[in-house]
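Take a look at the structure below.
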């Protein structure tokens, strides 16, 4: 702890606070000597302290007291990343009457103690970061955030269970929700499932009431068969442009009677809802309980669109709701917040050719098997081979197809182990077949899951620990003829095994949507390496994103099961609800400003702004920045040849000063004195 | 004074949204990397004025890393493309000034790429270690001419940035 009078050249009174973060920082960096060094060597520092946990209320009080008693005009905290506690310390400054933008944070945990092996080198780097922060903070200026109103309407993108939950929570709270769904009906993947683990509730029985609630809710506008094409604006006032694809059915006239579907002569394989196992008509509803009830005419397969004659649907429609002339329409929505719940795609099992999917008829994917079990599915719930009649006598369930695989996805898909157990139960309930699960590790971490596993052990499901090498129909041993043979190394027995079975189910991985990155970009949020949307903080802020006003829920953020998706949907709704109730939101004052007296009107900056925040005023011959549209990236600041643009909180002066501080110990000239020596003797 | 082994000093300009977060992630994942980089946070790599880089080199840095979001993933939609364009011209200037190109590096790092950023930093440190110290600051006089010269360069850069929309 050191205290020293302010220097004559710097008029600001700077307080430096070094956090131990328990042993997280103090275990590597000598925090006491760092604080002492800052107090003795850095210009303007009048108070320099170290403390066990700066973010604790006692730590914050320390700063507040010093601001009041020592008359601090600038504060620097050396602790964790500003992304964690910048807000905390800004608030502490504000509490003591100091403008929060006169505070600067140096990350000596994420950037130093956690990433540096050598203690002395860690000390040197920490000093540099503190010096940079102190030099910079002197030039920081007080700023005021702007307060903007929050539009109480919310856009929910994706009508799976996570989106449905989010929409209902908000609608029930009295706020209006626009729900956009890409497919003709909401329901998502959950609508395709038969039973849900571990309680074995019928998936449709628990989902469809929620779907119809969405369809009928006075506070929900459901826009299905539509996609968001463009998003502009910022938290509190987003503007979304939707393209509503032509259904060729007039929603205002259609009663949903289904006669058109009945009369349509064209049958098409249903690759989406029935996973390719069943057929649908060219005019169709994905499933009987679809919401909304209006059918969709599939232009690509419609006989009229292909050959110019037919129009059976139009002929029989009692309300003349068929419209072959319908075009895609655009819808413009103004909303305050957006929740993305865009779900996942199933891993394409043909990418692992040794498992034979697509080549060996009786190799099924987990999604196909869900449809096979489902009483409303293509086989009316009968578990049969691809021929549609033969009941299998033995079934192999192969885990981790595409998951936990360095060639495909390194992550665990989180739901497949439990779904495999569920399949085991359903098979044994409906048939007399023996079921063997081939697993790497069985993961049953949530409520009631381990008990379900125990139950399956008792029910007689077999378990072989080992990653399946191959599924083949090439019989080598007696008893293998006409069967699928699963070749595996049983890692518990330590030997190779061949198991002949009638049917193989591949538990395919959950993958990010094919267009996830594109969608992320459209909404201004990023994806992880794997392609899942990135949350603001993996533990403490799991549904917010780095873009204020954009939230994520469900599997689009990472693999998870139904209960977890529901929790995230509700959590996202709660966050949005909070914003709406508050009514206004503070926008960071980090924006660029053009100083008209220096602007030469060259217009270089005009084309650099992707947000169209810069306009040229013909009359005055200068450019002007609309602060409401400026996002504060600073690209125009860096480009202005006249230096007429200043970037708040990231001015040239501030950055130059920080660079100087970071290089406090750099040798100037050829082995001349270090900068620090200069500033100390100055 | 006895000769100490050369430890390069590198100034890293990291963008707030991707690369600074990658550095955060490297921290939370406890990935050890060379401590020679000293980082500075800007909102976007597009904010990095070429004069910042020249200033750092003039001030005694042996290298500068500019890190931003991957092309197509910029938080500000497309500003890292402007960084890329500017970087090309900066390299041109560095060549003209007789500074090795490798001393300034443009690195893309998404918020998920802590490991990759740490590896890039290690690689750059080794590269600069091989090049040796820059001592560029010795070439600038102390009486204010230095900044003038940098500003002149900046102006040339800004003019070069003028690209029809």
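Of the residues that sit in the stretch B:56-72 and are part of a helix (DSSP H, G or I) and in contact with a strand residue (DSSP E or B) (Cβ under 7 Å, 6 or more places away or on another chain), which one is farthest from the other protein chains (Cβ to nearest Cβ)?
My answer is B:57.
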Can you tell me which of (1) part of a helix (DSSP H, G or I); (2) closer than 30 Å to residue A:29 by Cα is the one residue A:162 doesn't meet?
(2)
Verdict on residue A:413 being in contact with a strand residue (DSSP E or B) (Cβ under 8 Å, 6 or more places away or on another chain), buried (at least 19 other Cβ atoms within 10 Å of the Cβ) and part of a loop (DSSP other than H, G, I, E, B):
yes
Residue A:443 passes all but one of the listed conditions (1) out of contact with any helix residue (DSSP H, G or I) (no Cβ under 6 Å at 6 or more places or on another chain); (2) surrounded by 17 or more Cβ atoms within 10 Å (Cβ to Cβ); (3) under 23 Å from residue A:203 (Cα atoms); the exception is number (1)
Quick check on residue B:53: is it over 15 Å from residue A:665 (Cα atoms) and more than 9 Å from chain A (Cβ to nearest Cβ)?
yes
Among the numbered criteria (1) on the phi > 0 side of the Ramachandran plot; (2) modelled with pLDDT of 95 or more, which one does residue A:561 miss?
(1)
Going through the stretch A:312-364 in order, the residues found to be at positive phi, surrounded by 12 or more Cβ atoms within 10 Å (Cβ to Cβ) and out of contact with any strand residue (DSSP E or B) (no Cβ under 8 Å at 6 or more places or on another chain) are A:343, A:358
Residue A:84 fails exactly one of the following numbered conditions: (1) surrounded by fewer than 24 Cβ atoms within 10 Å (Cβ to Cβ); (2) part of a helix (DSSP H, G or I); (3) in contact with a helix residue (DSSP H, G or I) (Cβ under 7 Å, 6 or more places away or on another chain). What is the number of that condition?
(3)
Looking at the stretch A:582-618, which of its residues are within 12 Å of chain B (Cβ to nearest Cβ) and either more than 34 Å from the chain's Cα centre (by Cα) or surrounded by fewer than 13 Cβ atoms within 10 Å (Cβ to Cβ) (or both)?
A:600, A:602, A:603, A:604, A:612, A:616
Apart from one, (1) more than 13 Å from chain B (Cβ to nearest Cβ); (2) surrounded by fewer than 24 Cβ atoms within 10 Å (Cβ to Cβ); (3) more than 23 Å from residue A:16 (Cβ to Cβ) all hold for residue A:118; the odd one out is (1)
Does the stretch A:180-188 include one or more residues that are in a strand (DSSP E or B), away from chain B (no Cβ under 14 Å) and surrounded by 22 or more Cβ atoms within 10 Å (Cβ to Cβ)?
yes
Before we move on, is residue B:103 more than 8 Å from every other protein chain (Cβ to nearest Cβ) and within 30 Å of residue B:30 (Cβ to Cβ)?
yes
Checking the conditions here, which among A:569, A:520 is in contact with a strand residue (DSSP E or B) (Cβ under 9 Å, 6 or more places away or on another chain), assigned to a helix (DSSP H, G or I), buried (at least 24 other Cβ atoms within 10 Å of the Cβ) and within 14 Å of chain B (Cβ to nearest Cβ)?
A:520
So which pairs qualify, if the first residue must be in the stretch A:589-602 and touching a residue at least 60 places away in the same chain (Cβ under 8 Å), the second must be surrounded by 13 or more Cβ atoms within 10 Å (Cβ to Cβ) and in a strand (DSSP E or B), the Cβ gap must be under 9 Å, and the two must be at least 6 apart or on different chains?
A:589/A:146; A:590/A:647
State all residues of the stretch B:35-49 that are in a loop (DSSP other than H, G, I, E, B), at the interface with chain A (Cβ under 7 Å from one of its Cβ atoms) and within 17 Å of residue B:63 (Cβ to Cβ); if no residue qualifies, say none.
B:35, B:48
Considering only residues of the stretch A:526-539 that are over 8 Å from the mean Cα position of the chain (by Cα) and more than 7 Å from chain B (Cβ to nearest Cβ), which is surrounded by the fewest Cβ atoms within 10 Å (Cβ to Cβ)?
A:539
Every listed condition ((1) more than 26 Å from the chain's Cα centre (by Cα); (2) in contact (Cβ under 8 Å) with a residue 12 or more places away in the chain) holds for residue A:346 save (1)
Does residue A:383 satisfy the criteria of being over 21 Å from residue A:344 (Cβ atoms) and part of a loop (DSSP other than H, G, I, E, B)?
yes
Return only the number of the condition from (1) surrounded by fewer than 24 Cβ atoms within 10 Å (Cβ to Cβ); (2) more than 9 Å from chain A (Cβ to nearest Cβ); (3) at pLDDT 90 or above; (4) in a helix (DSSP H, G or I) that residue B:95 does not satisfy.
(3)
If you scan the stretch B:1-20, which residues turn out to be out of contact with any helix residue (DSSP H, G or I) (no Cβ under 6 Å at 6 or more places or on another chain) and either part of a loop (DSSP other than H, G, I, E, B) or at the interface with chain A (Cβ under 7 Å from one of its Cβ atoms) (or both)?
B:1, B:2, B:3, B:4, B:5, B:6, B:7, B:9, B:16, B:17, B:18
Which one of these is modelled with pLDDT of 75 or more and buried (at least 21 other Cβ atoms within 10 Å of the Cβ): B:102, B:113, B:123, B:156?
B:113
In the stretch A:531-563, which residues are in contact with a strand residue (DSSP E or B) (Cβ under 7 Å, 6 or more places away or on another chain) and without any contact (Cβ under 8 Å) to a residue 12 or more places away in the chain?
A:536
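The values are calculated or read from the model by the stated rules, or taken from the named source; none is laboratory data. Bear in mind that the values here come from a model prediction, so they are computed numbers and not experimental data. FYI the Cβ positions are ideal-geometry reconstructions off the backbone, even for glycines, and counts take in every protein chain you see.
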